[in-house]
């Protein structure tokens with residue numbers, strides 16, 4: 001008869017970087033060890049012998065609230081600016097049961113951010129504001145939980161932050177007509193190197209890839225003319241007045257849709273697609289345009305809740 005002991009469960013996660021206060025995590029996976037499997041053919045034997053090769057660790061993938069606690073704000077911002085003096089960190093993820101007692105901890109070392117994903121925004125949306133992160137791991141150690149009570153800093157206002165409260169500042173464009181902003185993810189390439197007889201690898205940061213970002217406009221007739229004029233001047237006449245170092249600011253707002261809590265700054269932006277969206281003949285629909293910008297750099301303004 002099978003043993004009826006209850007399986008281990010987890011209910012809460014807490015993440016922190018070395019020297020920083022811990023912060024709550026919405027979702028976490030990764031930082032698991034795996035090795036290469038080496039097959040050796042030995043003489044005339046028909047069966048191969050198996051050996052363990054180099055060890056590596058799966059990338060951390062986690063979602064955090066837009067408040068970005070646990071020391072993450074500074075690390076992300078310096079990574080976005082490619083500040084090489086501040087890229088590598090150590091951190092830990094603690095697992096707790098539904099009584100908030102820590103049952104297990106993973107200590108992770110030599111961490112490098114590989115991806116920062118900012119949420120899509122929609123004036124009619126109801127999804128929570130969260131940031132998706134992917135982090136490369138050089139080394140990891142398991143530790144049994146000490147049974148202490150999970151203590152993490154998070155703002156109660158975070159629960160009320162939805163993706164429908166935002167404000168866009170786009171010089172030369174009808175900013176109040178923006179109804180949607182597509183999701184935006186910055187990626188940093190990380191190279192894993194092996195040296196000598198060491199089984200573990202060493203990660204090094206490489207190039208940063210910043211994608212295009214698209215905005216959907218629902219313009220008034222006058223605003224539609226403005227968009228058409230920009231498109232004509234830019235693409236037909238070759239007048240790049242509207243394409244010189246545009247700096248875009250996307251601010252996240254409190255539910256009152258007035259008070260700013262933080263922002264994503266996009267610098268050196270260039271509009272290279274201005275497209276009227278498809279609509280059906282004989283059907284009354286709101287006119288919409290999608291404008292796509294290339295982006296050179298981006299930075300974060302720290303998220304701050306409160307009055």
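Overview of results
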| quantity | calculated |
| --- | --- |
| Among residues of the range 55-88, those that are over 15 Å from the mean Cα position of the chain (by Cα), surrounded by fewer than 22 Cβ atoms within 10 Å (Cβ to Cβ) and not in a loop (DSSP other than H, G, I, E, B), counted | 5 |
| Test: residue in the range 97-106 that is within 22 Å of residue 202 (Cβ to Cβ) and out of contact with any helix residue (DSSP H, G or I) (no Cβ under 8 Å at 6 or more places or on another chain) | yes |
| Scope the range 14-30; condition assigned to a loop (DSSP other than H, G, I, E, B) and within 21 Å of residue 101 (Cβ to Cβ); matching residues | 21, 22, 25, 26 |
| In the range 100-129, the residues that are buried (at least 22 other Cβ atoms within 10 Å of the Cβ) and under 13 Å from residue 62 (Cβ atoms) | 108, 111, 113, 116 |
| Complete set of residues in the range 144-180 that are part of a strand (DSSP E or B) and modelled with pLDDT under 90 | 144, 149, 153, 162 |
| Given (1) more than 20 Å from residue 118 (Cβ to Cβ); (2) at pLDDT below 80, index of the condition residue 87 fails | (1) |
| Filtered residues of the range 181-196 (kept if in contact (Cβ under 8 Å) with a residue 12 or more places away in the chain and either in contact with a helix residue (DSSP H, G or I) (Cβ under 8 Å, 6 or more places away or on another chain) or part of a loop (DSSP other than H, G, I, E, B) (or both)) | 182, 183, 186, 188, 194 |
| Count of the range 31-54 residues which are assigned to a loop (DSSP other than H, G, I, E, B) and without any contact (Cβ under 8 Å) to a residue 12 or more places away in the chain | 8 |
| Any hit, the range 193-203, residues being surrounded by 12 or more Cβ atoms within 10 Å (Cβ to Cβ), modelled with pLDDT under 90, over 30 Å from residue 89 (Cβ atoms) and touching a strand residue (DSSP E or B) at 6+ places or on another chain (Cβ under 8 Å) | no |
| Top-ranked residue of the range 215-239 - restricted to ones that are in contact with a helix residue (DSSP H, G or I) (Cβ under 7 Å, 6 or more places away or on another chain) and without any contact (Cβ under 8 Å) to a residue 12 or more places away in the chain, ranked as nearest to residue 275 (Cα to Cα) | 233 |
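Here's the yes/no breakdown for (1) in contact with a helix residue (DSSP H, G or I) (Cβ under 9 Å, 6 or more places away or on another chain); (2) at pLDDT 85 or above; (3) farther than 22 Å from residue 124 by Cβ; (4) surrounded by fewer than 11 Cβ atoms within 10 Å (Cβ to Cβ):
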{"site": "244", "(1), (2), (3), (4)": "no, no, yes, yes"}
{"site": "247", "(1), (2), (3), (4)": "no, yes, yes, no"}
{"site": "253", "(1), (2), (3), (4)": "no, yes, no, no"}
{"site": "258", "(1), (2), (3), (4)": "no, yes, no, yes"}
{"site": "264", "(1), (2), (3), (4)": "no, yes, no, no"}
{"site": "268", "(1), (2), (3), (4)": "no, yes, yes, no"}
{"site": "271", "(1), (2), (3), (4)": "yes, yes, yes, no"}
{"site": "276", "(1), (2), (3), (4)": "yes, yes, no, no"}
{"site": "282", "(1), (2), (3), (4)": "no, no, yes, yes"}
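The values are calculated or read from the model by the stated rules, or taken from the named source; none is laboratory data. Keep in mind the model is a prediction, meaning the values are calculated, not measured. No Cβ is skipped: glycine too gets one built from the backbone with ideal geometry, and neighbour counts run over all protein chains shown.
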